[in-house]
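One structure is given here, and the rest of the page talks about it.
Where a number appears in this text, it was derived from the coordinates with a stated rule and is not lab data. Predicted model only: the values in this text are computed from it and were never measured. Positions of Cβ are generated from backbone atoms using ideal geometry, with glycine treated the same way; all protein chains shown enter the neighbour counts.
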Amino acid sequence: MERKLIAVEGLAGFILRATYADGETYDIDFSGIVGTGGLTNALSDPDFFSQVKVGPFGDSAEWPNGYDNGSDTLRWDGELARRGLTRADVPVDE
């Protein structure tokens, strides 16, 4: 499984499309994250959200204000979404 991002795109409805070097593409819903405080507040502006870029070495998606999300985390969220799941559905070992 390739972890390197080659493209990201901010879509309507705060969906991040992430494409990896192995050809896999995921649409990740950020609507529950934008505007929740700190650096995420700026993401609630659709024009700002669409300014996402691939970070150095393809290991993250980054916005101009410094907010970023790692490629591994994005892929995990994308795989969960494909199965109709979220992080809340994954048991946590204590």
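Key figures for this structure:
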| read-out | value |
| --- | --- |
| Residue among SER71, SER50 that is closer than 14 Å to LEU5 by Cα and in contact (Cβ under 8 Å) with a residue 40 or more places away in the chain | SER71 |
| Within the stretch 36-47, tally of residues that are touching a Phe, Trp or Tyr at 6+ places or on another chain (Cβ under 9 Å) and either closer than 14 Å to ASN69 by Cα or exposed (fewer than 15 other Cβ atoms within 10 Å of the Cβ) (or both) | 5 |
| Criterion (in contact with an Asp or Glu (Cβ under 9 Å, 6 or more places away or on another chain) and on the phi < 0 side of the Ramachandran plot) met by exactly one of LEU16, LEU43 | LEU16 |
| Residue satisfying all of: in the stretch 48-91; more than 17 Å from SER31 (Cβ to Cβ) and aromatic (Phe, Trp, Tyr); surrounded by the most Cβ atoms within 10 Å (Cβ to Cβ) among these | TRP76 |
| Residue ranges of strands (runs of 3 or more DSSP E) in the chain with at least 2 members of a type in the set (D, E, K, R) | 25-29 |
| Residues of the stretch 62-81 that turn out to be out of contact with any strand residue (DSSP E or B) (no Cβ under 6 Å at 6 or more places or on another chain) and of a type in the set (A, V, I, L, M), as a count | 2 |
| Subset of the stretch 1-43 that is hydroxyl-bearing (Ser, Thr, Tyr) and without any contact (Cβ under 8 Å) to a residue 24 or more places away in the chain - its residue that is nearest to ARG87 (Cα to Cα) | SER31 |
| Boolean, GLU62 is free of Cβ contacts under 8 Å to residues at least 12 places away in the same chain and in contact with a Lys or Arg (Cβ under 6 Å, 6 or more places away or on another chain) | yes |
